[in-house]
Amino acid sequence: MRFFLKYLKLRGCQVTGTPRYIGVHVKFDNYSNIKIGHQTTISDECHLLTHDYSITNVMRANGVKIVKDIALERQIEIGNNVFIGKKSIIMPNAKIGDNVIIGAGSVVRGTVPPNTVWCGNPAQCISSTKELYLKWVKYMNDDIIRTDR
């Protein structure tokens, strides 16, 4: 993780603190338009998209002559202590607050408030992190819990 973190910063990614984990197969669109907070996990095969080329098609559909493709570019901000599940897509202009869980395969756009759990396409809030804690805390001494070494 240390070497990958140096690589991300070298490419222009704005990283605060130290991420817990970023999968080696995460796709970064424009590194300099991405902010990642402390203790954040971005699972494998996620895509962080900072551009939208569909504006070209919209312009053409409305009679505008476009010689070269154009794109809207926007930032992505990921807060502290965020978990982004495998194969999720974070869209341009997404702002994910602190202490957020994004379920695997979710498509996130817009503002995600802190202390919430989101899943789906489009991602929707399904609970607070407090509600999820109360649901899961009863399993902490169970055989189904694995602790990584």
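Every number in this text was worked out from the coordinates using simple rules, so none of it is lab data. A quick note: this is a predicted structure, and the numbers were derived from the prediction, not measured. Note: ideal-geometry Cβ built from the backbone for every residue, glycine included; neighbour counts use all protein chains shown.
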Practice task
Tell me the label-point distance for the pair residue 66, residue 18, using the 7 Å Cα-to-Cβ offset, in nm and rounded to one decimal.
Solution key: 4.4
Completion exercise
Expected unfolding gain across residue 75-residue 11 under the 0.36 nm per residue rule, minus the alpha-carbon gap, is 21.5 nm
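Only bridges with both residues in region 84-149 count here: give the DSSP antiparallel percent, nearest 5.
The antiparallel fraction comes to roughly 40 percent.
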Practice task
Please identify every one of the trypsin sites (Lys or Arg not before Pro) in region 60-96 that sits in a loop by DSSP and has no more than 10 other beta carbons within 10 Å of its own beta carbon.
Solution key: 65, 68
Practice task
Only bridges with both residues in region 1-77 count here: give the DSSP antiparallel percent, nearest 5.
Solution key: 20
Exercise for the section: Grab the other residues whose beta carbon is less than 12 angstrom from that of residue 109, score K and R as +1, D and E as -1, and report the net. Expected result: +1
Completion exercise
Taking the chain and counting helices only, DSSP H stretches of n ≥ 4 at -39,500 (n - 2.57) each over all residues, the nearest-500 ellipticity at 222 nm comes to -4500 deg cm²/dmol
Exercise for the section: First check a/c for region 75-118, with a ≥ b ≥ c the square roots of the eigenvalues of its C-alpha gyration tensor; if it is under 1.5, answer rounded, and if not, answer prolate when a/b is larger than b/c or oblate otherwise. Expected result: oblate
Practice task
Report, by chain and number, residues whose modeled amide H sits under 5 Å from the one on residue 89, excluding near sequence neighbours (fewer than 5 apart, same chain).
Solution key: 47, 106, 107, 108
Completion exercise
Kirkwood Rh for the chain from C-alpha pairs, in Å, is 16.6
Fill in the blank from the handout: Among beta bridges assigned by DSSP with both residues in region 32-149, the antiparallel ones amount in percent, to the nearest 5, to 30
Problem - In region 27-104, chymotrypsin sites (Phe, Trp or Tyr not before Pro) in a DSSP loop with at most 15 other beta-carbon atoms within 10 Å - result: 53
Exercise for the section: Work out, step by step, the length gained on full extension between residue 139 and residue 31: first 0.36 nm times the residue separation, then minus their alpha carbon distance; give nm to one decimal. Expected result: 35.0 nm
